[in-house]
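Okay, so here's the structure we're looking at.
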Amino acid sequence: MRLRARRRLPKMVFDFIDGGADDERTLRANEAAFARCTFAPRTCVDVRSAHTEIELFGDRLSMPLLLAPTGLPGLAHPQAELAAARAARDAGIIFTASTVASYSLERIASIVPGPHWFQLYAWKDRALTGALIDRARAAGYRAILLTVDTPVVGNRERDLRNGMALPPRITFANATDMLRRGPWIWGQLHGPGVALPNIAGLDANPRAGGIGPAGYLQDLFNPELAWNDLAWIKERFGGPVGVKGIMTAADARRARTAGADAIVVSNHGGRQLDGLPASLDVLPEIVAAVADAPLPVLIDSGIRRGSDIVKALALGATACLIGRPWLWGLAAAGGAGVARVLAILRAELERTLALVGETDVSRLTPELVRKE
């Protein structure tokens, strides 16, 4: 799917999806951490049936997987979140809509009934943030994921090198590459493009023509976000609020004390602070930090196979989120591509469970893996 996406998309758009911050060390570390983690299987175990279901906030998921929030998926395919949400619903898992989605949170929820989650950026403008929370509640979103690792936008140098403007422009340097992507251009002309309907008309002023998301949204992010803002968000939403972007045991404890209902161990897929460790490498210490009063601990960044899901769950995760894989599927074949990605991951998850000698994702333990 990644290779198909690369062939279909202009280079600047593919790199926007695929790239990370600065030297992309953290981006590479995420997948490398899963490669270093190996299995210690049990043999001679009856594995004729696999139980992959879990429950999160009262909803039953067919497997411990969610679609992570991603910004501007309309650049990959005109159906964007509508296709991804439908594929997630059909697979029996949760879709998470981004604040900077290509379709409004109301349209996603009305066209593809959930359950869905909503990812929230707590903008500098508190009224704008409050309006988004109210809309998510009114539209029936089950939970909010508050992203806390983006006081400013990371430096994504592929975007700078490619001159990735929003909206993308045909220039002398990229004309040949862009014009070879006729189906993509047609989709951009007939899809949502780079519209940001969740913040349109709410006194938000993205900088049209800015280089990458840093130039487009930099005036909206909140460098003053504090833990006491979480209580206000929880009270206003009236439902579960998770905190996404936790990378230390200390922050995990702070999030729980502030009232977080879930934690997402995440380095933003290597797209924010380069030089962070892989999410998988810090997962065990974060799980241990909240073990005295456990809450769901989810993980993203670097999950590429169903076997990666097994490794994360064995190290204490409740569930995993994927971002780039569903965007690759979306770019390659729309909703069918996302569905295919989920089918591959489910098959690999079930097969890996059998091969490590376990039949239930809830019984995976650290004894089943070795971390080199």
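The values are calculated or read from the model by the stated rules, or taken from the named source; none is laboratory data. These numbers were taken from a predicted model, which means no experiment stands behind them. Cβ atoms come from the backbone with ideal geometry, glycine included; neighbour counts cover every protein chain shown.
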Go through 286, 263, 303 for me and flag whichever is part of a helix (DSSP H, G or I), surrounded by 24 or more Cβ atoms within 10 Å (Cβ to Cβ) and of a type in the set (Val, Ile, Thr). 286
What's the number of the condition residue 174 fails, among (1) surrounded by fewer than 18 Cβ atoms within 10 Å (Cβ to Cβ); (2) closer than 25 Å to residue 222 by Cα; (3) in contact (Cβ under 8 Å) with a residue 40 or more places away in the chain? (2)
Go over the candidates 147, 129 one by one and state the one that is at pLDDT 95 or above, closer than 24 Å to residue 235 by Cβ and β-branched (Val, Ile, Thr). 147
Counting only residues that are of a type in the set (Gly, Ala, Ser) and in contact with a Phe, Trp or Tyr (Cβ under 7 Å, 6 or more places away or on another chain), give me the helices (runs of 4 or more DSSP H) lying completely in the range 110-200 with at least 1 of them. 126-138
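Per-residue answers, yes or no, for (1) closer than 22 Å to residue 330 by Cβ; (2) surrounded by fewer than 24 Cβ atoms within 10 Å (Cβ to Cβ); (3) free of Cβ contacts under 8 Å to residues at least 40 places away in the same chain:
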site	(1), (2), (3)
100	yes, yes, no
112	yes, yes, yes
117	yes, no, no
123	no, yes, no
Can you pull out the residues in the range 51-74 that are hydrophobic (A, V, I, L, M, F, W, C) and either part of a loop (DSSP other than H, G, I, E, B) or out of contact with any Ser or Thr (no Cβ under 8 Å at 6 or more places or on another chain) (or both)? 57, 61, 63, 65, 68, 72
Filter the range 196-211 for residues that are closer than 16 Å to residue 102 by Cβ and either among the basic types (Lys, Arg) or crowded, with 18+ Cβ neighbours inside 10 Å (or both); which is modelled with the lowest pLDDT? 206
Looking only at the range 129-143, and only at residues there that are surrounded by 20 or more Cβ atoms within 10 Å (Cβ to Cβ) and hydrophobic (A, V, I, L, M, F, W, C), the one that is nearest to the chain's Cα centre (by Cα): 143
Answer yes or no as to whether residue 170 is modelled with pLDDT of 90 or more and among the hydrophobic types (A, V, I, L, M, F, W, C). no
Considering the range 335-361 alone, what residues qualify as being in a helix (DSSP H, G or I), surrounded by fewer than 20 Cβ atoms within 10 Å (Cβ to Cβ) and either modelled with pLDDT under 95 or of a type in the set (Val, Ile, Thr) (or both)? 344
What number goes with the only condition from (1) surrounded by fewer than 19 Cβ atoms within 10 Å (Cβ to Cβ); (2) part of a helix (DSSP H, G or I) that residue 293 does not pass? (2)
Residues being over 21 Å from residue 248 (Cα atoms) and either in a loop (DSSP other than H, G, I, E, B) or among the acidic types (Asp, Glu) (or both) - total across the range 309-334: 1
Can you pull out every residue in the range 43-58 that is buried (at least 16 other Cβ atoms within 10 Å of the Cβ) and either modelled with pLDDT of 95 or more or basic (Lys, Arg) (or both)? 52, 54, 56
Taking the stated definitions as given, is residue 225 at pLDDT 90 or above, within 21 Å of residue 152 (Cα to Cα) and in a loop (DSSP other than H, G, I, E, B)? yes
